[in-house]
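This report refers to the structure that appears directly beneath it.
The values are calculated or read from the model by the stated rules, or taken from the named source; none is laboratory data. Because the structure is a prediction, the values reported are computed rather than measured. When we count neighbours, we look across all protein chains shown, and the Cβ atoms used for this are built from the backbone with ideal geometry, even at glycine. We work out accessible area using only protein heavy atoms, side chains counted, and drop any ligands, DNA or RNA first. Shrake-Rupley method; radii C 1.70, N 1.55, O 1.52, S 1.80 Å.
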Amino acid sequence: MGDRIEFQQGRWIVPDRPIIPFIEGDGTGPDIWRAARRVFDAVVEKVSKGRRRVEWLEVLAGEKAFKATNSWLPEATLDAIRAHRVAIKGPLTTPVGGGIRSLNVALRQLLDLYACIRPVRYFEGVPSPMKQPGKLNVVIFRENIEDVYSGVEYQAGSEQADAVIRFLAERYGAKIRSGSAIGIKPMSKFGTQRLVAKAIQYAIQARCPSVTLVHKGNIMKFTEGGFREWGYEVARQRFGDQTVPEAELGPGKGNGGRVVIKDRITDAMFAQLVLRPDEYSVIAAPNLNGDLLSDAAAAQVGGLGLAPGGNVGDGYAVYEATHGTAPKYAGQDKVNPCSVILSGAMMFEELGWTDVAAAIIRGIEGAIASKRVTYDLARQLPGATEVSTSQFAECIIEHVR
Ligand code: NAP
């Protein structure tokens with residue numbers, strides 16, 4: 001029998017036997033979840049010498065939920081996550097073109113998980129297309145509710161799209177080709193500032209040197225440009241004595257131990273992350289930019305199989321693999337479980353079980369260094385032995401010392 005995690009006055013209160021709901025996921029989800037759970041249980045037990053244990057609570061979403069309840073995202077799942085506050089999930093299928101809306105998007109919006117946090121770092125020995133992949137070590141805070149995730153989109157030729165086109169032409173003289181599809185990109189000061197504030201708080205706590213606001217404000221002046229402006233504003237208003245804008249750093253002037261707030265236009269940022277990755281630390285980005293940037297950055301250090309993520313709000317958090325369900329490998333005990341395992345490490349870190357998080361990372365570092373790795377790494381790593389998902393999990397556990 002476990003106890004609930006509580007959130008009081010901005011802090012997590014975590015019992016020794018916390019109940020944590022999990023969603024196994026579709027496709028390869030069950031393979032990687034099984035392996036991840038085995039690692040979590042073994043590491044928690046080892047590190048706490050048996051004092052702590054997670055009581056995992058399965059909740060349904062995706063195909064498994066649909067089969068059992070006829071609903072892709074049952075209300076009971078949301079209630080359980082709301083009640084227990086922190087959950088972890090494998091990837092879920094998103095049927096293409098119509099049908100249900102993305103379950104992942106629905107979960108994030110219903111629990112108001114407004115920050116998608118994706119740390120991207122290099123693990124020694126992982127094959128990478130870069131000459132010095134170790135120079136990239138960033139934590140990306142991507143806005144998770146607005147922008148293209150707001151879900152306001154109308155099909156070409158639909159009554160709604162035609163009505164919006166007519167309205168904009170008649171009222172404001174906007175020129176939009178008739179028959180176009182329409183997507184709306186809302187971005188608010190409120191949504192931007194709570195995301196940027198979370199990124200700055202993280203940077204201050206983790207002693208990171210900078211927070212970079214990534215935007216395409218040169219073209220989209222009021223949405224992406226707003227992100228930049230509101231970002232600098234919240235830094236000045238809420239963290240004025242702990243941050244300094246890059247523009248105020250002159251020759252001979254240090255940053256005085258403050259977090260430097262920078263901004264970069266999206267296309268330039270892609271180039272910068274390839275050319276001078278060590279100049280960046282925490283990154284705050286609107287929804288679409290953040291999505292593209294996180295996958296591109298993950299590719300530089302070895303791909304999606306190793307990229308963790310957390311969707312975090314105020315007092316609620318759902319951690320998840322950043323890759324999809326990789327359905328062609330489902331049930332083969334083949335794919336890399338590290339994305340979910342590292343997401344678990346992020347979760348334990350957030351909950352204050354930093355010893356568990358650090359031990360998981362040591363285990364992964366050791367397993368990769370031993371060159372007994374899953375197919376995705378083995379096919380690029382000279383001298384590596386390919387092992388299954390479950391064998392890789394055992395190898396991680398062996399390397400936790
Ligand atoms: P995907 O499932 O991420 O797979 C694309 C490729 O990435 C795979 O074929 C595989 O590459 C590689 N890959 C993914 N997971 C891996 C792992 N654990 N270990 C090693 N390699 C891995 O993308 P997709 O095929 O575009 O999407 C499939 C479904 O997942 C869709 O329904 C999509 O909507 C959904 N999806 C869900 C989430 C989520 O739940 N958060 C995120 C993205 C997509 P190789 O072929 O080279 O081996």
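Being hydrophobic (A, V, I, L, M, F, W, C) and either crowded, with 18+ Cβ neighbours inside 10 Å or closer than 24 Å to I145 by Cβ (or both) is the filter here, so list the residues in the stretch 258-281 that pass it.
V259, V260, I261, I265, M269, F270, L273
Looking at the stretch 351-390 only, could you name the residues that are within 16 Å of V340 (Cβ to Cβ), polar (S, T, N, Q) and open to solvent by 30 Å² or more (accessible area, probe 1.4 Å)?
The one that is within 16 Å of V340 (Cβ to Cβ), polar (S, T, N, Q) and open to solvent by 30 Å² or more (accessible area, probe 1.4 Å): S390.
Given the conditions (1) more than 27 Å from G62 (Cβ to Cβ); (2) within 12 Å of the ligand (Cβ to nearest atom), and given that V335 satisfies all but one, which numbered condition is not satisfied?
Unmet condition: (1).
Does any residue of the stretch 17-40 turn out to be farther than 22 Å from G305 by Cβ, in a loop (DSSP other than H, G, I, E, B) and of a type in the set (V, I, T)?
Taking every residue of the stretch 17-40 in turn, none turns out to be farther than 22 Å from G305 by Cβ, in a loop (DSSP other than H, G, I, E, B) and of a type in the set (V, I, T).
Those residues that are within 16 Å of the ligand (Cβ to nearest atom) and under 17 Å from E394 (Cα atoms), I need them from the stretch 346-366; list them, please. Steps first, please.
So the first thing to find is which residues in the stretch 346-366 are within 16 Å of the ligand (Cβ to nearest atom), and the list is 346-347, 364.
Passing the criteria: only I364.
Filtering the stretch 223-257 down to residues that are touching a Gly at 6+ places or on another chain (Cβ under 7 Å) and of a type in the set (D, E, K, R), which residue is least open to solvent (accessible area, probe 1.4 Å)?
Filtering the stretch 223-257 for residues that are touching a Gly at 6+ places or on another chain (Cβ under 7 Å) and of a type in the set (D, E, K, R), the one least open to solvent (accessible area, probe 1.4 Å) comes out as E224.
Can R34 be described as within 25 Å of the chain's Cα centre (by Cα) and either among the basic types (K, R) or within 22 Å of R108 (Cβ to Cβ) (or both)?
Criteria met by R34.
Contact list please: Cβ distance under 6 Å, first residue in the stretch 369-387 and hydrophobic (A, V, I, L, M, F, W, C), second residue open to solvent by 50 Å² or more (accessible area, probe 1.4 Å), pairs at least six apart or on different chains.
What qualifies is A378/E386; A384/K371; V387/R372.
Does the stretch 189-201 include one or more residues that are part of a loop (DSSP other than H, G, I, E, B) and either under 30 Å from V373 (Cα atoms) or aliphatic (A, V, I, L, M) (or both)?
The initial filter retains those residues of the stretch 189-201 that are part of a loop (DSSP other than H, G, I, E, B), namely none.
No, because not a single residue in the stretch 189-201 is part of a loop (DSSP other than H, G, I, E, B) and either under 30 Å from V373 (Cα atoms) or aliphatic (A, V, I, L, M) (or both).
Scan the stretch 70-93 and tell me whether some residue there is of a type in the set (D, E, K, R) and in contact with a Pro (Cβ under 8 Å, 6 or more places away or on another chain).
no
Kindly indicate whether G315 is at positive phi and either within 9 Å of the ligand (Cβ to nearest atom) or modelled with pLDDT of 95 or more (or both).
Here the answer is no, as G315 does not meet what is asked.
Just to be sure I understand, how many residues within the stretch 376-401 are within 16 Å of the ligand (Cβ to nearest atom) and at pLDDT 95 or above?
Number satisfying all stated conditions: 10.
For V340, work out the one condition from (1) within 16 Å of the ligand (Cβ to nearest atom); (2) within 21 Å of the chain's Cα centre (by Cα); (3) assigned to a helix (DSSP H, G or I); (4) surrounded by fewer than 22 Cβ atoms within 10 Å (Cβ to Cβ) it doesn't fulfil.
(4)
Could you run through the stretch 318-332 and say how many residues are assigned to a strand (DSSP E or B) and either open to solvent by 10 Å² or more (accessible area, probe 1.4 Å) or more than 12 Å from the ligand (Cβ to nearest atom) (or both)?
Going residue by residue through the stretch 318-332, those that are assigned to a strand (DSSP E or B) are 318-321.
Among the residues that remain, those that are also either open to solvent by 10 Å² or more (accessible area, probe 1.4 Å) or more than 12 Å from the ligand (Cβ to nearest atom) (or both) are: 320.
Qualifying residue count for the region: 1.
Listed here are the residues, each with its yes/no results for (1) farther than 29 Å from Q237 by Cα; (2) assigned to a helix (DSSP H, G or I); (3) open to solvent by less than 30 Å² (accessible area, probe 1.4 Å); (4) touching a Leu at 6+ places or on another chain (Cβ under 8 Å).
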site	(1), (2), (3), (4)
I283	no, no, yes, yes
G290	no, yes, yes, no
A296	yes, yes, no, yes
D314	no, no, no, no
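Out of A61, A65, report the one residue that is small (G, A, S), within 16 Å of the ligand (Cβ to nearest atom), closer than 24 Å to G331 by Cβ and not in a helix (DSSP H, G or I).
Values: A65 fails: not in a helix (DSSP H, G or I).
Of A61, A65, the one residue that is small (G, A, S), within 16 Å of the ligand (Cβ to nearest atom), closer than 24 Å to G331 by Cβ and not in a helix (DSSP H, G or I) is A61.
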